[in-house]
Amino acid sequence: MPIAPRRPATAAIHTRRAESAARPISSPIFQTSTFASASSEDFARVAVEVATPDFYTRHGNPNHVELAEAVATLEGAETGLVFASGLGALTTTVLALASGGDHVVAQRSMYGGALSLVQNLLPRFGVTCTLVDQADTSAWEDAITPATRLFLIESPSNPRLEITDLRAVADIARRREITTLADNTFATPINQRPLDHGIDLVWHSATKYLAGHSDASAGVVVGREDLIAKIWSTSINVGAVLGPFDAWLVMRGVRTLDLRVGRHNATADSVAEHLHTHPAVSAVHYPGLPDHASHHVAAAQMSGFGGVLSIELRGGIDAAVQTIERLELFHLSASLGSVESLAVHPPSMWKAVLSDEEVAEAGIQPGLVRLACGQEDVRDLIDDLDQALQGA
Ligand SMILES: Cc1ncc(COP(=O)(O)O)c(C=O)c1O
């Protein structure tokens, strides 16, 4: 029986969707939470398909697929998944790959949010963790127990730019059937591709260099199809869903990643060189400097050294805080990887997620300042640092 003429409330919803024979160069934004199926059979099929772009946005969305595939291609991975933040990517991945009774080995020096996950949250679910000095390859091997399932790696690490020998640690893990998960946020796939060195999974805070403009929060994990399928099954429970518009914004950033990272590398390199001999600075942590403790490892696995460096001030915490406050071009802001230069005092920032003892254990000195170089003219950034360091 034909249905009755549509009433306004129905007609307003069931108008024709805009269609166009044009082929837009910029991807449309699929700002939709759900998708219509043509039949019950199709519905049943897409409901269980990994990261399908045409069922329900928590399961997948065309903007997600576009971004995940782009990052997977750059990292040399089979496939990937996107999340609402970097920590959404990490937490979902760890929950997918570790269960109560399992053990994880992680670096003592890594992003505070990741440290807090393994030290404070996972133990509540029966997953224990041993922290190791990342530069000591044998420490990774010594920490393994029969219950070890995961190695969590971050190189260069936040905020001290320490380096992990990716190949050596991946080889140890592979011999013991342990999955390796590397945070490649600082390096980006332009400077380093951990999968080429034997790592199983790479994750990113896409909030940083991939997005590149401080306007979106996002996370990505890429790797083998079987591992990604497992993570996807957990991700539909965890629900750290990336908004389609944010996926689109990150994708726009990815298109200029190579160009931006080249500039970030060159700028940080010049700033590191400059500060290296500055009288107010007792140490510069940047893997591109020949006197960095793991420079040779970094040079073997990276093609550029990234846009972040950290410095230690002779004047300790007071000098660090005052210098940051005097900076005019570097914003005092908790992020990195953007077009704007940003500076933070990690000992203060880390306290949001770690205790004083945990901050000290991560090797974070009171006089440490992290500098994330942006896209400004390097001469202006050096002038800004010089004026801010005066009297420090
Ligand atoms: C190295 C690194 N990894 C991961 C994260 C977490 O990313 P998000 O803030 O997108 O959750 C951060 C955040 O600062 C980071 O610096």
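Taken together, the values in this text are just the output of simple stated rules run on the coordinates, not laboratory data. Just so it is clear, the model here is predicted, and its values are computed rather than measured. Because the Cβ atoms are built from the backbone with ideal geometry, glycine has one as well, and the counts that use them run over all protein chains shown.
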Could you check the spin-label model distance between Asp318 and Asp226? Points 7 Å from the Cα along Cα→Cβ, value in nm.
6.0 nm
So how tilted is helix 244-255 from the main axis of the chain? Cα-based, degrees 0 to 90, rounded to 10.
50 degrees
So, relative contact order of the range 276-322 in percent, Cα under 8 Å, 6 or more apart, is 43 percent
Yeah, the range 265-306 with a ≥ b ≥ c from its alpha-carbon gyration tensor (a/c under 1.5 is rounded, else prolate when a/b outruns b/c, oblate otherwise) is oblate
So in the range 257-389, what percent of DSSP beta bridges are antiparallel if you round to the nearest 5?
85 percent
Taking r as the C-beta separation of Phe125 and Ser335 and R0 as 25 Å, the FRET efficiency to the nearest 0.05 is 0.30
Between Thr10 and Arg326, what FRET efficiency comes out of the Förster formula 1/(1 + (r/R0)^6) with R0 = 56 Å and r the beta carbon distance, rounded to 0.05?
0.35
Taking every DSSP beta bridge with both residues inside the chain, roughly what % is antiparallel (nearest 5)?
55 percent
Degrees separating the helix 86-97 axis from the principal Cα axis of the chain, which is the longest one
70 degrees
Positive-end residue, the range 40-255 charge dipole about Cα centroid, Cβ charges, pick of Pro146, Met110, Phe186:
Met110
Over the range 40-255, what is the percentage of antiparallel beta bridges among all DSSP beta bridges, to the nearest 5?
35 percent
Residues in the range 80-114, backbone N under 19 Å from the label point at Ser26 (7 Å along the Cα-to-beta-carbon vector): list them, ranges by number please.
none
Taking the range 280-329, which GluC sites (Glu not before Pro) meet the DSSP loop condition and have no more than 16 other C-beta atoms within 10 Å?
Glu328
Given all pairs of different Cα atoms, what value in angstroms does the Kirkwood hydrodynamic radius of the chain take?
22.2 Å
Compute the signed sum of charges (Lys and Arg +1, Asp and Glu -1) over the other residues within less than 10 Å, Cβ to Cβ, of Asp133.
-1
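What is the chain's relative contact order, in percent, from Cα pairs under 8 angstrom and six or more apart in sequence?
Reported relative contact order: 16 percent.
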Give me the percent relative contact order of the range 40-255, please, defined on Cα pairs under 8 angstrom at least 6 residues apart.
28 percent
Along each principal axis of its Cα atoms, how long is the range 257-389 end to end? Whole angstroms, biggest number first, please.
38, 33, 29
Answer in debye to the nearest 20: the dipole magnitude of the range 246-340 about its Cα centre, from +1 Lys/Arg and -1 Asp/Glu charges placed on Cβ, is 260 debye
Virtual spin-label span in nm between Glu19 and Asp133, 7 Å along Cα→Cβ:
6.7 nm
On a full-extension model of 0.36 nm per residue, what is the gain between Arg175 and Glu376, subtracting their alpha-carbon distance, rounded to one decimal in nm?
67.8 nm
Highest GNM mean-square fluctuation among Thr34, Thr148, Thr79, for the chain with Cα springs under 10 Å, belongs to Thr34
Please rank Met251, Met349, Met302, fewest neighbouring Cβ atoms within 10 Å first, as an exposure proxy.
Met349, Met302, Met251
Specify the angular offset, from 0 to 90 degrees and rounded to the nearest 10, of the alpha carbon long axis of helix 378-389 from the longest principal axis of the alpha carbons in the chain.
60 degrees
